[in-house]
């Protein structure tokens, strides 16, 4: 994918997310694409991705806006910095504004997104909502568990442990 094509793809992605247009967001993905959301978890397939945007994102957020900056692509991997903002519609936090600073990784196939991954500091978002520290700690522990259970993370950790074990046995 060319840099120009990737920039256009992330622009379509952001515009669809901002508009709450699940069908348009899903069209950015391969039919079996997976959206790994840090709040709502993984969503596989276009129908699930569209549903997540329309019935989870926009259920919980008003005045939602998402913008990508500095997109870069190298073959079938792309990255972009992003800022997003919304007003919470969750009853306990209604009306509170949240701003999220993130980095997104796009695994590409045939000009579409096969996998979408995001890295954000969810604790900052939760602090803006006013969650109690013990609730933030509980959520962070759940997210840490998700991270450590990912196959790529398990493989990475095993390789590091093996390398250190070999170094200690020398």
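Under the shape rule built on the C-alpha gyration tensor, where the axes satisfy a ≥ b ≥ c, the chain is oblate, since a/c reaches at least 1.5 while a/b does not exceed b/c.
Which shape class, rounded, prolate or oblate, goes with region 121-170 when its Cα gyration tensor gives a ≥ b ≥ c as root eigenvalues, a/c under 1.5 marks rounded, and past that a/b bigger than b/c marks prolate?
Here region 121-170 falls in the prolate category.
Working note: 222 nm ellipticity from helices only, DSSP H runs with n ≥ 4, each -39,500 (n - 2.57), summed and divided by the residues of the chain, gives -13000 deg cm²/dmol to the nearest 500.
Using the average count of surrounding beta-carbon atoms within 10 Å as a protection proxy, the listed peptides 62-74, 156-168 rank, highest first, as 62-74, 156-168. Taking every C-alpha pair closer than 8 Å and separated by at least 6 residues, the mean separation divided by the residue count of the chain gives a relative contact order of 18 percent.
Seen through its C-alpha gyration tensor, with square-root eigenvalues sorted a ≥ b ≥ c, region 1-88 comes out oblate because a/c lies at 1.5 or above while a/b is not bigger than b/c.
Taking the centroid of alpha carbons for each part, region 87-124 and region 25-40 are 12 Å apart.
Every number in this text was worked out from the coordinates using simple rules, so none of it is lab data. Please read all numbers here as calculations on a predicted model, not as lab measurements. Cβ sites come from the backbone with ideal geometry, for glycine too, and all protein chains shown count toward neighbours.
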